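The values are calculated or read from the model by the stated rules, or taken from the named source; none is laboratory data. Quick caveat: nothing in here was measured; it's all calculated off a predicted structure. Glycine also receives a Cβ, built like all others from the backbone with ideal geometry; neighbour counts cover every protein chain displayed. Surface accessibility is based on the protein's heavy atoms, side chains included, excluding ligands, DNA and RNA. Shrake-Rupley method; radii C 1.70, N 1.55, O 1.52, S 1.80 Å.
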Amino acid sequence: MPRLHRATLSATLFFKMTLTINDLGSKLHTKDTVISDGPMASQAAEETNFIRHVRLSYLLLKIAPLTVREYFDKEFHPDELSRFLFRNMYKLRELYDNKIISLPQWLLLFPKKDNVVSSGSFDIQTMCLLLRNFTEMQIPTTLPHPADNKVGSD
């Protein structure tokens, strides 16, 4: 059996969870069935919203950080990350002075002790900030069009 990357494995788990949640949702009510009267309508709507909330939460909290980290490590090799940050300290300082980088993010980029800097300690916002400002990737600040298949839009 071939080895899967963590992001691929997580995506697989996400889709299995989605199928499980969809199965649960179809047992509770079908997507195409509209219940128009009484408390059953509000209960069905609540269940649908709950299922959507669980799916979105899982995607944002589990899948997205792994996927962004995988791409981040391709752009900024983990062995070279500290050197890259110190070589670009002037631009990073500008971003900090302009309040684009927050103090907690700054402390992650430049820890006070002799801690090794790694993408594993970065949150998704910090990784996206570095990708946006130091690579050619165009990360939109608004929701992209569904047909936009660029890496930054995903």
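Yes/no per residue for (1) among the acidic types (Asp, Glu); (2) part of a helix (DSSP H, G or I); (3) over 20 Å from Gln138 (Cβ atoms):
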| site | (1), (2), (3) |
| --- | --- |
| Ile51 | no, yes, yes |
| Leu60 | no, yes, yes |
| Glu70 | yes, yes, no |
| Arg83 | no, yes, yes |
| Tyr96 | no, yes, yes |
| Lys112 | no, no, yes |
| Asn115 | no, no, yes |
| Gly120 | no, yes, yes |
| Gln125 | no, yes, no |
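Just for region 98-110: of the residues that are of a type outside the set (S, T, N, Q) and not in a helix (DSSP H, G or I), which one is least open to solvent (accessible area, probe 1.4 Å)?
Only one residue fits best here, namely Ile101.
Between a first residue in region 64-90 that is closer than 21 Å to Lys112 by Cβ and among the small types (Gly, Ala, Ser) and a second residue that is open to solvent by less than 70 Å² (accessible area, probe 1.4 Å) and modelled with pLDDT under 90, which pairs have beta carbons less than 8 Å apart while being 6 or more apart in sequence or on different chains?
Pairs that qualify, where the first residue is closer than 21 Å to Lys112 by Cβ and among the small types (Gly, Ala, Ser) and the partner is open to solvent by less than 70 Å² (accessible area, probe 1.4 Å) and modelled with pLDDT under 90, are Ser82/Val117.
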